[in-house]
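The values are calculated or read from the model by the stated rules, or taken from the named source; none is laboratory data. Since the structure is predicted, the reported quantities are computational estimates derived from the model, not experimental observations. Using ideal geometry, Cβ is built from the backbone for each residue, glycine included, and neighbour counts are taken over all protein chains shown. Accessible surface areas use protein heavy atoms only, side chains included; no ligands, DNA or RNA. Shrake-Rupley method; radii C 1.70, N 1.55, O 1.52, S 1.80 Å.
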Amino acid sequence: MDGMNMDRSELKDSARKAFGEAGLAPDKSASWAKLTEMGWFMMTVPEAQGGLGMGREAMGVIHYELGRALVPGSAIAQMLVIEALAATGQNDLLERAMAGEVMTTNLCNALDADTASHILLVSDDSIALAPVASSTHRVTWDETRRLFDATAGEQTLLASGADAAALANRLRAQLLFMLAADSLGGAEAALTMTIEYLKTRRQFDRPLAMFQALKHRVADLKIAHRAAEALLWDRAVGEPSLAEMGALKAHCTTAYARIAEETIQLHGGIGLTQEYPCHLFLKRAFLNCALGGDADYWEEQAGRFAMENLA
Amino acid sequence: MNIELEKLRTEVRNWLAANAPKDWREAATHDVFVAGQRDWFKKLVAAGYAIPHWPAAWPGGGRSLAEQKVIYEELARADAPRLLLSFVSTYHAFATLHECGNDEQKARYLPRIMEGETWCQGFSEPGAGSDLAAVKCKAELKGDVYVINGQKLWSTMAQYADKCLLLVRTSSEGAKQAGLTYLLMDMKAPGVTVRPIHQIQGDEEFAEIFLDNVEVPVSERVGAEGAGWAVAQATLASERGLTLMELGYRMRGNMALLTRAISDTGRANDAGILRDLGRLSAQVDAVCALADQFLDNRMNGIEQVGDASIVKNAYSRALRAWSDFGVRIGGMDAQYRQGITFGDLNTGNWMADYMNSFAWTIAGGSEEVQRNIIAERMLEMPREPKGWTA
């Protein structure tokens, strides 16, 4: 697999260039156009199906950068639909999705269903695709994502039985991995912003960054972030179980929530205002915690997995 | 997959299967454990696995970091005894002599170290812990010997050591770092008294060293008089990444002690316990991945200042969490005192493991000092102004 040997930093540089220069939470349609133009929707699709044949690691790099810049939109849903269409040989729809036609899925609360042509319906015994019949926007605190209650039109069955179960698990694992990557990207940006603020903000005739009480908190956040990131790239290769991906997601989203919380606290009063972007990280972090199964759920699953596999 | 590395891995794995002692945890006293350590070191030297980081001129030396990593991965995997007794000699003393020693010193000591001579480190003092440059132990030049008076503390296994890497004060003028000198001291010299420290869990891994008019020849000085701080940096910069990787792998390898204890106490379906187990398991996996990444970065020449501190704190926190969870699972049983296992951090003797874990949050640069390094050197947060006086 090319993806395994790909130069992660090269892809990171181009993604950072694409999303890092328009500021936080950049324009949604311009971001979507960039994702399409750069061919990132086709990243993990096999070359035989018109994709780039890259691995999970490459996908992680992109979502890390999307999280870092708080890019709005439904790239996570799009990539899940693409994965399902590629796996079930729906090449016409696959081509349309790779070209940027918005499609969504019930796996992540029908993100952007109002602009989506289709919705992928995933359950343990069937995977189906259907046109979106209707959608009701459920406004979330996180304004960088738009969630919907959606209804589906006539369904086309893509997989059933054991095939569906296997594909559903693969899609769930992918969702968990993308959320973990998005979280660590966001956490990195929030932490960097916080450190810069502490260096600038002066009280008691010195920068806040000089106080050891704050240095130690920041150092602990840095350690938490680095450890989580090492785990992310470790699980980007090989075949981790769904429970292991769940543990990764729990670990990374928990780190993000902690860093986002400290971002507000360490910015003081200004962190409570909409004028400053601290709240954007906090809101996205907490949505990431809730999407795709929360830490309570996945940590319990990971515990069961450990009981069976580490006895 | 690198073929040469995998060949080495197989070779080491086969050798360990045939040669690694299985009964090392059964040592009833620290002395028995240390005797086992000496034997184990000799066997590893003969097999060519004891000093892989030394230059190629030495038997078993000249190994790349990738090869060294394979050896330590296999030592952890085989659950072989850790190389505790020889660590200061093969890493700290070697690095010091290699970087800063003169030819005569290298020729005299490196062969002895390979033959099993044991060294200890005389750096810390009652008044110089985190603030190492505050060393007070005094050395006065009289003719061709330094006369040493003072006290050293927290010296790992000094009671078994033949030689000591000694940091002393030769001047109190100027910056406190500038008055330090580095000596190699014979532990059998008259005036040296060693007293083992009784640790809270019953081990005696560290000792105090009292120095009363001890004479050290000038020829045993490493570097110039007053250059001790720089030489000490060479000592302290010697390998830490491999150890943390090895210890991380050993902790992960011993997760089964926790899962078995959970089963044995009938809590395999307790959601709260399972959650904490799942969380811990990810934390331990993250530490292993972090140590791996640290070594990869070092191999690729992109290690950054502070990276080692991040790995150390992540490991020591995970070790605390690991053993703390064990104490919780153990309940009352963990409170009944049992004999300790020497040379092992993850034994399932939960209270002992828990108490032992403090060595990693305190020794070798405390958690707090590591946080300062991360904040000030890596994240470039400004230092506090100096000059405070009581």
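Some points to look at:
- On Cα atoms only, tilt of A:8-19 relative to the major axis of chain A in degrees: 80 degrees
- Alpha-carbon Debye profile of the stretch B:107-212, log10 I(q)/I(0) at 0.18, 0.20, 0.22 Å⁻¹: -0.89, -1.05, -1.20
- Protein accessible area in the protein assembly as shown, 1.4 Å probe - carbon and sulfur %: 51 percent
- Relative contact order of the stretch B:44-112, defined on C-alpha pairs under 8 angstrom at six or more residues apart (%): 16 percent
- Over the stretch B:16-64, the alpha carbon radius of gyration divided by the compact-protein estimate 2.2 N^0.38 Å works out to 1.34.
- Rg/Rg_globular for the stretch B:240-378, with Rg_globular taken as 2.2 N^0.38 Å and Rg from C-alpha atoms: 1.11
- Here the label points at B:Lys43 and A:Thr192, each 7 Å from Cα along the C-beta direction, are separated by 5.1 nm in the simple model.
- As a calculated quantity, the FRET efficiency between B:Ala57 and B:Asp324 at R0 = 41 Å, using C-beta atoms, amounts to about 0.35.
- Reciprocal of mean inverse Cα separation for the stretch B:171-284 (Kirkwood radius, Å): 19.3 Å
- Per residue, the average separation of C-alpha pairs within less than 8 Å and at least 6 apart gives the stretch B:1-80 a relative contact order of 35 percent.
- All Cα pairs of the protein assembly as shown, percent lying beyond 43 Å: 34 percent
- In this structure, the pairs whose alpha-carbon distance is over 22 Å, taken from A:Lys17/A:Lys222; A:Lys12/A:Lys215; A:Lys199/A:Lys222; B:Lys138/B:Lys163, are A:Lys17/A:Lys222; A:Lys12/A:Lys215.
- Directionally averaged projected area (the stretch B:90-132, Cα convex hull): 3.7 nm².
- Over the stretch A:264-311: Rg over Rh, Cα atoms, Kirkwood Rh: 1.29
- Length-normalised contact order for chain A - Cα pairs under 8 Å, 6+ apart - percent: 15 percent
- Whole-Å distance, taken between Cα centres, linking the stretch B:158-184 and the stretch B:28-81: 29 Å
- Normalised alpha carbon radius of gyration of the stretch A:77-146 [divisor 2.2 N^0.38 Å]: 1.08
- Whole-Å distance, taken between Cα centres, linking the stretch B:298-351 and the stretch A:233-305: 25 Å
- Mean partner shielding of peptide B:370-376, defined as the number of other chain Cβ atoms within 10 Å of each residue Cβ, is 6.
- Cα radius of gyration and Dmax for the stretch A:183-308 (Å): 16.4, 57
- Debye-sum result for the stretch A:208-274 in log10 I(q)/I(0), which assumes one identical scatterer on each alpha carbon, at q = 0.22 Å⁻¹: -0.92
- Taking GluC sites (Glu not before Pro) in DSSP loop conformation with at most 13 other Cβ atoms inside 10 Å as exposed sites, chain A has its longest uninterrupted site-free stretch at A:22-153.
- When only the Cβ of Lys, Arg, Asp and Glu is charged (+1, +1, -1, -1), the dipole of the stretch B:3-83 relative to its Cα centre reaches about 60 debye.
- Surrounding net charge for A:Pro72, when Lys and Arg each add one and Asp and Glu each subtract one, Cβ distance under 11 Å: 0
- In the protein assembly as shown, helical runs assigned H by DSSP with n ≥ 4 each contribute -39500 (n - 2.57); averaged across all residues and rounded to the nearest 500, the mean residue ellipticity at 222 nm is -16500 deg cm²/dmol.
- Kirkwood hydrodynamic radius of chain A, from inverse mean 1/r over distinct Cα pairs, in Å: 20.0 Å
- Between helix A:28-37 and chain A: long-axis angle, C-alpha atoms, 0 to 90°, nearest 10: 60 degrees
- Per-residue mean of C-beta atoms belonging to partner chains within 10 Å, peptide A:289-302: 3
- Computing Rg and the Kirkwood Rh from the Cα coordinates of chain B gives a ratio, Rg/Rh, of 0.97.
- Total buried accessible area between B and A, probe 1.4 Å, nearest 100: 3300 Å².
- Within chain B, the longest run free of exposed loop sites, counting chymotrypsin sites (Phe, Trp or Tyr not before Pro) that sit outside DSSP helix and strand states (H, G, I, E, B) and have at most 14 other Cβ atoms within 10 Å, spans B:1-335.
- Building the convex hull from the alpha-carbon atoms of the stretch A:157-243 and averaging its projection over directions returns 7.7 nm².
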